[in-house]
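> Structure in structure tokens, see below.
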Amino acid sequence: FSGGEPLCQAAALLPLAKEIKKLGLNLFIYTGSIFEDLLKEQNPDIMALLQQGDFLVDGPFVLAQRDLTLLFRGSQNQRILDLPQSFLQGKAVLASIGHATSMFGLRLHARKFCFFSEDKNCGKRRHLWQESVFSICNPHL
């Protein structure tokens with residue numbers, strides 16, 4: 001989920017997140033908050049939503065640290081966390097970039113990211129979403 005601050009509306013997004021997971025889709029959640037702070041807060045709605053996610057991009061966008069070469073984030077202070085592993089270990093666990101790039105193709109066009117998924121069975125490529133950030137991607141389309 002992206003746009004505004006999804007964790008401010010965690011209770012409202014939780015049913016949608018559960019449906020997304022039922023469909024076998026991967027869920028990226030973007031937040032300006034820091035994962036460790038969220039763990040300390042233990043807000044039940046936020047924790048329930050994060051439990052549904054696969055990846056969390058945490059931290060505010062910092063213009064002075066802007067970097068257009070980064071995958072799935074805009075500034076160097078932001079991290080991509082593997083949510084299931086982070087909850088399992090009780091601490092922030094960085095996602096393997098190799099894992100993320102094996103699931104998603106990325107092309108940079110005029111400051112917009114184009115996300116593609118490739119069907120390994122038939123070799124077809126589908127354009128999933130084109131914008132500065134993305135929300136959901138299914139590697140099996």
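The values are calculated or read from the model by the stated rules, or taken from the named source; none is laboratory data. For clarity, every value in this text was computed on a predicted model and none was experimentally measured. Positions of Cβ are backbone-derived with ideal geometry, glycine not excepted, and every protein chain shown enters the neighbour counts. Calculation scope for accessible area: heavy atoms of the full protein, side chains included, ligands and nucleic acids excluded. Shrake-Rupley method; radii C 1.70, N 1.55, O 1.52, S 1.80 Å.
> Considering only residues that are part of a helix (DSSP H, G or I) and in contact (Cβ under 8 Å) with a residue 24 or more places away in the chain, which ones fall in region 1-12?
Once the filter is applied, which keeps residues that are part of a helix (DSSP H, G or I) and in contact (Cβ under 8 Å) with a residue 24 or more places away in the chain, region 1-12 yields P6, L7, A10, A11.
> So in region 46-62, with the set limited to residues that are touching a Ser or Thr at 6+ places or on another chain (Cβ under 8 Å) and of a type in the set (A, V, I, L, M), which one is surrounded by the fewest Cβ atoms within 10 Å (Cβ to Cβ)?
Per the stated criteria, the residue is V62.
> Which residue, of Q65, Q78, is surrounded by fewer than 18 Cβ atoms within 10 Å (Cβ to Cβ) and either modelled with pLDDT of 95 or more or touching a Ser or Thr at 6+ places or on another chain (Cβ under 8 Å) (or both)?
Every option except Q65 fails the conditions.
> Let me ask something else about it. Examine region 33-40 for a residue that is under 16 Å from D54 (Cα atoms), among the hydroxyl-bearing types (S, T, Y) and surrounded by 14 or more Cβ atoms within 10 Å (Cβ to Cβ), and state whether such a residue exists.
no
> All but one of (1) at pLDDT below 50; (2) open to solvent by 40 Å² or more (accessible area, probe 1.4 Å); (3) among the polar types (S, T, N, Q) hold for N43; state the number of the condition that does not hold.
So N43 meets the others, but not (1).
> Being hydroxyl-bearing (S, T, Y) and assigned to a helix (DSSP H, G or I) is the filter here; which residues of region 13-47 pass it? Full working, then the answer.
In the first step, residues of region 13-47 are kept if they are hydroxyl-bearing (S, T, Y); the result is 30-31, 33.
If the condition is that a residue be hydroxyl-bearing (S, T, Y) and assigned to a helix (DSSP H, G or I), then no residue fits.
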